[in-house]
Amino acid sequence: MESLHPRIRLLWIAQWAIAVVVLGAIIAVVSRLFVDVPSVALGVIVVAGIAIAAGYAIRLYQAWRFELQSDALYLERGVITFVETAVPFVRVQHVDTQFGPIERLLGLSSVVVYTAGSRNADVRIPGLTPDRARDLQDTLRELAVESEADDAV
Amino acid sequence: MVIQQAITWVTIPFFLVVFLSGIVDVVEYSWVFVLVPLGLLLGTTYALVYYYRFEYGITPDTFDVRSGVFSRRSREIPYGRIQNVDIARGVVQRLLGLAVVSIETAGGGNTEATLRFVSESEANRLQHQIRRRTAEATERRRRRADTDSDAVESGESPLPDDSVAGTPGEESASDPDFERADGTATAESGPQISESDSRTYESRRRRLFDLEARELLLYSFTSFRPAAVAAVLFVFFLATDTILDVLVTIAQPVGGPEDLENGTTGSYGVLTIVSMVNGLVITYLLSVAYTFATYYDFQLGRIDEDFVYERGLLQRYSGSIPVEKVQSVTVTANPVQRLIEYAGLWVETAGYGPDSGSGSQSAVPLADRRRVYAFTENLTGVERPRFHTPPSIARRRYLVRYSLIAAAIVAVAFGTAWATPLERWYLAAVVFLVVPPAAHLRYVNLGYYVGEDHLVVRRGFWRRRTTVIPYYRIQTVSTRRSIFQRRLGLASLVIDTASSRTFYWATPTIYDIDLEDAREANGVGRTRLQSALRERAQSDDVGLSVDFT
């Protein structure tokens with residue numbers, strides 16, 4: 001079982017922090033214009049939000065595992081709901097590598113595996129080094145081609 | 001034909017203008033006199049340009065559509081990817097002899113190609129042309145898969161796609177009705193071809209199921225459509241005042257208030273109850289009428305490798321589903337239908353169907369339960385399932401869950417009592433009485449069966465669905481455990497197939513079984529998927545057996 005790159009925690013915390021700061025800004029605007037929200041409360045919301053984010057990110061990092069098994073890509077993840085997913089290689093439609101602005105800053109990359117399914121139709125493995133991501137993409141592509149089925153939808 | 005199409009194109013700008021003038025009214029009345037002719041002119045021009053710029057054609061390998069006035073789009077849909085072809089005829093269209101053809105593929109949540117305003121005969125011709133070519137493409141792919149597996153067996157590498165490039169070439173050479181035409185030309189040349197062609201085609205049609213009058217009525221009266229609620233609410237918002245007046249008038253003889261302003265608490269209560277009853281009855285009747293009109297004269301048949309169905313009173317639908325594209329089959333029954341021992345049968349494809357906004361099609365709206373079971377067994381080849389039920393600890397879980405919901409309702413009642421003069425909020429606690437039966441009903445309706453070639457999942461009380469999923473249709477399998485489930489050692493198994501369901505019909509899920517059982521079923525699903533795919537690659541067999549009845 002392979003775990004993600006430790007820096008992914010920073011990414012998740014950063015994403016949360018941005019959301020929390022935006023929320024804080026909205027509250028600040030509201031308090032300026034309509035109702036008076038004490039600045040202490042605002043500070044508590046922001047700090048608590050970031051603290052929860054940090055805790056969540058660390059737990060999520062501990063829970064995240066993935067593995068290439070003989071017939072399928074197997075993933076385990078989730079803090080509140082723990083999900084184990086198997087994506088058979090035959091079902092892989094295409095594989096992407098992606099990275100957003102923060103991911104690029106942190107030198108991380110994600111692999112996204114698409115299936116024809118309705119739910120969990122795209123499975124994302126975040127927090128990989130760019131090399132590992134490309135590597136994984138190539139491997140998955142080869143495995144998918146190797147095991148191509150004749151009953152394409 | 002051309003005149004008919006021109007008339008239809010004029011109706012669109014007409015409605016556009018009606019709509020436009022509705023908006024314009026708010027601004028300035030006098031604008032209407034300028035804008036209506038202008039809108040008519042613009043609309044007609046646009047429609048005419050759109051019409052002349054719209055082309056479609058049947059090529060040996062793809063169905064091509066080129067459309068667009070300002071930005072052009074040309075789209076080629078390979079036959080092998082087409083899921084279903086539907087024809088819809090509304091009231092106006094039936095008067096004008098026109099039809100709308102929609103072509104679905106698995107990709108995206110939308111219809112891939114919609115041909116509006118083709119003549120009925122042309123629509124039928126297109127439908128069976130596409131159907132035939134889809135069947136040919138499937139045949140070709142199967143042949144290729146054979147050569148592939150032979151090659152693998154003899155130790156060679158799999159043949160690349162272009163090694164069979166000869167086959168499509170032959171097709172086009174031997175294909176007498178290859179043509180490429182714009183809308184006008186096809187509209188004129190269509191009927192002659194379809195006359196002779198469709199007769200032989202129709203003669204191969206085998207009847208599988210006709211919805212009899214009795215079944216149609218039973219179905220209309222025992223099913224309920226959420227759309228009816230939306231319709232009633234919409235009308236209510238459009239004409240709130242009138243409807244309120246009517247409601248007050250109806251409630252008066254049984255003790256309602258004189259008008260909305262003057263009344264005692266008692267008379268307001270009567271008004272509320274009477275209005276609610278009115279609302280329910282009207283919604284129900286609307287739902288009955290809607291179901292009746294939708295499924296009037298439902299017929300299901302089979303032509304070669306396709307299921308074909310027709311239905312509708314005012315708007316007539318006819319569609320085709322390639323048997324090969326069926327992902328899973330679901331038997332549904334609500335409590336009333338279970339009481340009279342009836343059930344319905346749905347098939348799911350990866351496309352996007354005309355109703356319920358998902359890829360599921362009603363194959364048998366309602367029939368005797370035994371008959372539906374027999375259909376399902378013939379269609380999928382599934383053995384009669386012996387259902388396992390989740391451990392009884394799951395029931396405790398629902399008890400807790402529903403108690404929390406009940407507590408929330410009581411809390412809301414308390415909150416309302418606190419903010420308004422409403423008294424006796426604690427009466428809301430009666431909802432707790434519903435909790436144990438609700439939890440029990442949810443629990444007893446859950447079941448799953450890990451069969452030889454299929455997985456069968458049953459769930460739901462209000463609309464109990466029993467889904468039969470062949471292993472080779474599995475896309476992904478997930479075991480999900482929430483924090484509550486982890487404490488109780490339970491897990492839910494989510495089996496994803498390519499049938500594009502919306503929020504209305506969730507992905508088939510086996511809820512709250514022991515973690516061990518879930519893991520085992522997960523493993524079985526995965527290994528049987530592999531073995532089933534290997535078997536399918538070796539034999540020419542289509543996954544679903546041919547006999548339905």
If you check B:ILE282, B:ILE321, B:ILE273, which single one turns out to be in contact (Cβ under 8 Å) with a residue 60 or more places away in the chain, outside any loop (DSSP other than H, G, I, E, B) and hydrophobic (A, V, I, L, M, F, W, C)? B:ILE321
(1) more than 28 Å from A:LEU136 (Cα to Cα); (2) not in a loop (DSSP other than H, G, I, E, B): which one isn't true of A:ALA14, the others all being true? (1)
Applying the selection to segment B:485-508, what residues are surrounded by fewer than 19 Cβ atoms within 10 Å (Cβ to Cβ), more than 9 Å from every other protein chain (Cβ to nearest Cβ) and at pLDDT 90 or above? B:ARG487, B:LEU488, B:GLY489
Give B:VAL49, B:VAL65 a once-over and let me know the one that is modelled with pLDDT of 70 or more and outside any helix (DSSP H, G or I). B:VAL65
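How many residues are aromatic (Phe, Trp, Tyr) and loosely packed, with under 11 Cβ neighbours inside 10 Å if we restrict to segment B:392-432?
Looking only at segment B:392-432, we keep the residues that are aromatic (Phe, Trp, Tyr), and these are B:398, B:402, B:414, B:418, B:425-426, B:432.
Checking which are loosely packed, with under 11 Cβ neighbours inside 10 Å leaves us with B:418.
So the count comes out to 1.
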Going by the conditions given, is A:GLU84 free of Cβ contacts under 8 Å to residues at least 60 places away in the same chain and within 14 Å of another protein chain (Cβ to nearest Cβ)? yes
Residues that are surrounded by fewer than 17 Cβ atoms within 10 Å (Cβ to Cβ) and in contact with a strand residue (DSSP E or B) (Cβ under 7 Å, 6 or more places away or on another chain), drawn from segment B:374-387: B:ARG386, B:PHE387
When (1) of a type in the set (D, E, K, R); (2) more than 9 Å from chain B (Cβ to nearest Cβ); (3) in contact (Cβ under 8 Å) with a residue 12 or more places away in the chain are applied to A:ARG104, the one that fails is (3)
Selection from segment B:84-102 of residues that are outside any helix (DSSP H, G or I), open to solvent by 20 Å² or more (accessible area, probe 1.4 Å) and of a type in the set (S, T, N, Q): B:SER102
Go through (1) closer than 17 Å to B:ARG384 by Cα; (2) surrounded by fewer than 20 Cβ atoms within 10 Å (Cβ to Cβ); (3) of a type in the set (Phe, Trp, Tyr) one by one and return the number of the condition B:TRP462 breaks. (1)
Residue tally, condition modelled with pLDDT of 90 or more and surrounded by fewer than 19 Cβ atoms within 10 Å (Cβ to Cβ), over segment A:126-153: 8
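In segment B:103-133, which residues are within 14 Å of chain A (Cβ to nearest Cβ), under 20 Å from B:PHE307 (Cβ atoms) and either hydrophobic (A, V, I, L, M, F, W, C) or open to solvent by 10 Å² or more (accessible area, probe 1.4 Å) (or both)?
Quick first cut of segment B:103-133, residues within 14 Å of chain A (Cβ to nearest Cβ) only: B:104-109, B:112.
Those still in the list that are under 20 Å from B:PHE307 (Cβ atoms) too: B:104-106, B:112.
If the condition is that a residue be within 14 Å of chain A (Cβ to nearest Cβ), under 20 Å from B:PHE307 (Cβ atoms) and either hydrophobic (A, V, I, L, M, F, W, C) or open to solvent by 10 Å² or more (accessible area, probe 1.4 Å) (or both), then B:THR105, B:ALA106, B:GLU112 are the ones that fit.
Taking A:ALA116 as the residue in question, decide whether it is buried (at least 20 other Cβ atoms within 10 Å of the Cβ), in contact with a helix residue (DSSP H, G or I) (Cβ under 8 Å, 6 or more places away or on another chain), facing chain B (nearest Cβ under 8 Å) and of a type outside the set (Val, Ile, Thr). Steps first, answer last, please.
Values: buried (at least 20 other Cβ atoms within 10 Å of the Cβ): yes; in contact with a helix residue (DSSP H, G or I) (Cβ under 8 Å, 6 or more places away or on another chain): yes; facing chain B (nearest Cβ under 8 Å): yes; of a type outside the set (Val, Ile, Thr): yes.
Here the answer is yes, as A:ALA116 does meet what is asked.
Here is a yes/no grid of residues against (1) open to solvent by 30 Å² or more (accessible area, probe 1.4 Å); (2) closer than 30 Å to B:GLN475 by Cα; (3) among the acidic types (Asp, Glu); (4) in contact (Cβ under 8 Å) with a residue 60 or more places away in the chain:
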{"site": "A:VAL22", "(1), (2), (3), (4)": "yes, no, no, no"}
{"site": "A:LEU33", "(1), (2), (3), (4)": "yes, no, no, no"}
{"site": "A:LEU42", "(1), (2), (3), (4)": "yes, no, no, no"}
{"site": "A:ILE52", "(1), (2), (3), (4)": "yes, no, no, no"}
{"site": "A:TYR56", "(1), (2), (3), (4)": "yes, yes, no, no"}
{"site": "A:GLN62", "(1), (2), (3), (4)": "yes, yes, no, no"}
{"site": "A:PRO88", "(1), (2), (3), (4)": "no, yes, no, no"}
{"site": "A:GLN93", "(1), (2), (3), (4)": "yes, yes, no, no"}
Write out, first by first residue and then by second, each pair whose Cβ atoms fall under 7 Å of each other, whose residues are 6+ apart or on separate chains, and whose first residue, in segment B:528-541, is at the interface with chain A (Cβ under 10 Å from one of its Cβ atoms) while the second is modelled with pLDDT under 85. B:LEU533/A:ALA149; B:ARG536/A:ASP150; B:ARG536/A:ASP151; B:ARG536/B:GLY543; B:ALA537/A:ASP150; B:ALA537/B:ALA145; B:ALA537/B:SER149
Please work out which one of (1) at pLDDT 90 or above; (2) buried (at least 24 other Cβ atoms within 10 Å of the Cβ); (3) within 14 Å of chain A (Cβ to nearest Cβ) is the condition B:TYR471 fails and give its number. (2)
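Would you check if B:ASP514 is surrounded by fewer than 20 Cβ atoms within 10 Å (Cβ to Cβ), modelled with pLDDT under 90 and either more than 10 Å from every other protein chain (Cβ to nearest Cβ) or touching a helix residue (DSSP H, G or I) at 6+ places or on another chain (Cβ under 6 Å) (or both)?
Details: surrounded by fewer than 20 Cβ atoms within 10 Å (Cβ to Cβ): yes; modelled with pLDDT under 90: no; either more than 10 Å from every other protein chain (Cβ to nearest Cβ) or touching a helix residue (DSSP H, G or I) at 6+ places or on another chain (Cβ under 6 Å) (or both): yes.
In short, no.
Residue by residue through segment B:289-312, note down the ones that are over 18 Å from the mean Cα position of the chain (by Cα) and part of a loop (DSSP other than H, G, I, E, B).
Of the residues in segment B:289-312, the ones over 18 Å from the mean Cα position of the chain (by Cα) are B:289, B:297, B:301-305.
B:ASP297, B:ASP304, B:GLU305 - these are the residues of segment B:289-312 that are over 18 Å from the mean Cα position of the chain (by Cα) and part of a loop (DSSP other than H, G, I, E, B).
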Check A:SER110 against each of (1) among the polar types (S, T, N, Q); (2) more than 13 Å from every other protein chain (Cβ to nearest Cβ); (3) open to solvent by 40 Å² or more (accessible area, probe 1.4 Å) and name the one condition it does not meet. (3)
Take the conditions under 25 Å from the mean Cα position of the chain (by Cα) and aliphatic (A, V, I, L, M) and apply them to B:LEU286. Does it pass? yes
Return the pair list, or none, for Cβ contacts closer than 9 Å from residues in segment B:250-269 that are closer than 20 Å to B:LEU422 by Cβ and of a type in the set (S, T, N, Q) to residues that are part of a helix (DSSP H, G or I) and open to solvent by less than 40 Å² (accessible area, probe 1.4 Å), at least 6 apart or on different chains. B:SER267/B:ALA251
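The values are calculated or read from the model by the stated rules, or taken from the named source; none is laboratory data. All values derive from a computational prediction rather than experimental measurement. Positions of Cβ are generated from backbone atoms using ideal geometry, with glycine treated the same way; all protein chains shown enter the neighbour counts. Side chains included, ligands, DNA and RNA excluded: accessible areas come from the protein's heavy atoms. Shrake-Rupley method; radii C 1.70, N 1.55, O 1.52, S 1.80 Å.
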